[in-house]
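Have a look at the structure below, then the notes.
The values are calculated or read from the model by the stated rules, or taken from the named source; none is laboratory data. Computed from a predicted structure; not experimentally measured. We place every Cβ from the backbone using ideal geometry, glycine too, and count neighbours over all the protein chains shown. Heavy atoms of the whole protein, side chains included, go into the accessibility calculation; ligands, DNA and RNA do not. Shrake-Rupley method; radii C 1.70, N 1.55, O 1.52, S 1.80 Å.
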Amino acid sequence: MKTHREIAQQLDLFHSEPQGPGMIFWHPNGWRLFQDIQQHIRQLYQQHGFQEVRTPQFLKKDLWQTSGHLMMFGEDMFFGGGQENMQEYALKPMSCPAHILLFKRGVHSYRELPVKLFEFGLVHRNEPSGSLNGSLRLRQFTQDDAHVFCAWSQVQDEIKHFLGRARHVYRQYGYQQFAVKISTRPESALGELALWQSAEQVLIDVCRSESIDFELQVGEGAFYGPKIELALQDNRGREWQCGTIQLDFNLPERFDITYTNAAGERERPVILHQVMYGSLERWIGMLLEVTQGALPEWIHPLPVAIATVSEAALDYANELANSLKSAGLHVLIDHSNNSVSRKIKRFHQMKIPNILIVGEQEMKTHQVVLRRGKVVAAVEKEKLAEQLLIYRNAQLI
């Protein structure tokens with residue numbers, strides 16, 4: 001079994017450099033893969049009423065003091081300063097305080113709730129150098145970071161919606177089930193014990209109402225609230241913690257955020273912090289190891305490759321490639337003098353699912369030979385893009 005770093009090299013996706021430990025240098029193929037995964041979850045969030053935002057990377061330390069991160073998470077943060085070189089700022093390790101500032105900009109009525117925000121937040125965490133591991137453990141990574149500001153009466157429904165989204169997304173990647181873990185109050189926690197117990201019971205009640213088996217992880221919650229963690233198992237029996245939803249009643253208090261309830265009174269909202277992938281970089285590393293590079297076709301950065309039989313077919317191959325690119329399919333053409341068998345071997349090493357072979361015969365008949373695994377068939381040129389798109393999108397149904 002190859003590691004995700006070996007597969008990334010084989011597929012020409014990304015690499016790391018000593019000058020940027022714990023950070024990724026994305027190659028064109030890898031960045032296309034990253035963007036396709038990003039766009040997929042973006043569309044899902046938007047379909048479920050979330051609005052995308054963007055917040056700063058470098059924020060003053062007093063923000064992190066208010067949120068409690070400086071006290072509870074400070075050892076894992078990066079700090080810096082301005083011209084005076086004082087350590088007055090911090091690179092954000094997560095986006096939640098910035099999203100709370102966005103919520104504070106308005107005066108909110110109960111009729112507006114829930115308010116749903118999400119961001120592809122580029123975050124930095126000062127992980128020990130010995131723990132860094134390709135794209136699985138990084139100092140700089142991207143979270144699909146979403147927050148729901150809602151009333152207590154809306155919490156259970158929002159958690160159910162999250163679990164439904166997770167089930168849908170994970171199945172599209174081939175995962176038929178996930179393990180659910182409920183993490184309870186840690187020793188170092190903000191807020192009153194009674195509120196923690198009430199919030200933990202909400203998470204338990206939702207899982208029971210959805211007939212979901214769960215494991216309790218005592219003391220493993222975030223410092224501002226308990227959470228549900230979703231873990232996926234790969235084909236080697238390893239478990240990967242991916243999605244989380246955290247019920248937060250502390251940060252609304254610390255930032256003094258409110259909405260106007262039906263009686264015209266100010267009331268604290270609850271914040272539901274949630275991610276589906278967690279870290280997009282980690283998700284990609286996990287996906288590479290699980291699939292051993294045979295990525296789902298709908299996100300493959302190079303779903304099609306063309307092997308020319310002879311120099312006479314070069315123009316025809318370029319014409320095919322341009323037609324497929326116009327349909328939104330990325331194509332690799334091998335115009336080299338290598339034999340067709342060597343070209344096909346190279347494409348197989350790159351785990352490309354659709355291999356097209358074109359020569360003078362295909363030019364005359366306006367066709368192309370399509371290889372998908374062990375299946376070989378002749379396809380009319382005019383129907384090729386449509387057929388490939390059917391294959392590419394089949395897993396998204």
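Annotations for the structure displayed:
- Tyr175 vs. criteria assigned to a loop (DSSP other than H, G, I, E, B) and out of contact with any helix residue (DSSP H, G or I) (no Cβ under 8 Å at 6 or more places or on another chain): yes
- Odd one out for Phe73, checked against (1) farther than 24 Å from Phe255 by Cβ; (2) surrounded by 14 or more Cβ atoms within 10 Å (Cβ to Cβ): (1)
- Under the condition of being modelled with pLDDT under 95, closer than 24 Å to Gln349 by Cβ and loosely packed, with under 14 Cβ neighbours inside 10 Å, the residues counted in segment 1-27 number 2.
- Residue within segment 240-252 that is touching a helix residue (DSSP H, G or I) at 6+ places or on another chain (Cβ under 6 Å) and part of a loop (DSSP other than H, G, I, E, B) present: yes
- Scanning segment 80-101 for residues that are under 26 Å from the mean Cα position of the chain (by Cα), among the hydrophobic types (A, V, I, L, M, F, W, C) and either crowded, with 19+ Cβ neighbours inside 10 Å or over 30 Å from Gly264 (Cα atoms) (or both) yields Ala90, Leu91, Met94, Cys96, Ala98, Ile100.
- Residues satisfying the stated conditions in segment 213-225, i.e. within 26 Å of Met94 (Cβ to Cβ), open to solvent by 20 Å² or more (accessible area, probe 1.4 Å) and out of contact with any Ser or Thr (no Cβ under 8 Å at 6 or more places or on another chain): Phe214, Glu215
- Qualifying residue in segment 293-307 (condition: farther than 29 Å from Gln172 by Cα and charged (D, E, K, R)): no
- Some residue of segment 195-212 being in contact with a strand residue (DSSP E or B) (Cβ under 7 Å, 6 or more places away or on another chain) and not in a helix (DSSP H, G or I): yes
- Hits in segment 339-368 - residues which are aliphatic (A, V, I, L, M) and under 25 Å from Asp12 (Cβ atoms): Val340, Ile344, Met350, Ile352, Ile355, Leu356, Ile357, Val358, Val368
- Checking segment 45-63 against the condition returns a match, with at least one residue being farther than 30 Å from Pro301 by Cα, in contact (Cβ under 8 Å) with a residue 24 or more places away in the chain and of a type outside the set (A, V, I, L, M, F, W, C).
- Positions within segment 193-243 being hydroxyl-bearing (Ser, Thr, Tyr), at pLDDT 85 or above and more than 13 Å from Val155 (Cβ to Cβ), in sequence order: Ser211
- Hey, Ser135 closer than 20 Å to Arg165 by Cβ, open to solvent by less than 10 Å² (accessible area, probe 1.4 Å) and among the hydroxyl-bearing types (Ser, Thr, Tyr) or not: no
- Asn393 passes every criterion in (1) touching a residue at least 60 places away in the same chain (Cβ under 8 Å); (2) surrounded by fewer than 14 Cβ atoms within 10 Å (Cβ to Cβ); (3) touching a strand residue (DSSP E or B) at 6+ places or on another chain (Cβ under 6 Å) apart from (3).
- Just one of the listed residues (Phe178, Phe162, Phe149, Phe141) is open to solvent by 30 Å² or more (accessible area, probe 1.4 Å) and among the aromatic types (Phe, Trp, Tyr), namely Phe178.
- When residues of segment 110-167 are limited to those that are of a type in the set (Ser, Thr, Tyr) and touching a Lys or Arg at 6+ places or on another chain (Cβ under 8 Å), the one farthest from Ser16 (Cα to Cα): Ser131
- For segment 28-52, a residue qualifies if it is open to solvent by 30 Å² or more (accessible area, probe 1.4 Å), on the phi < 0 side of the Ramachandran plot and assigned to a loop (DSSP other than H, G, I, E, B), and exactly one does: His48.
- For segment 272-387, the helices (runs of 4 or more DSSP H) that sit wholly inside it and include 3 or more residues that are open to solvent by less than 60 Å² (accessible area, probe 1.4 Å) and over 30 Å from Glu158 (Cβ atoms) are 280-291, 314-326, 340-349.
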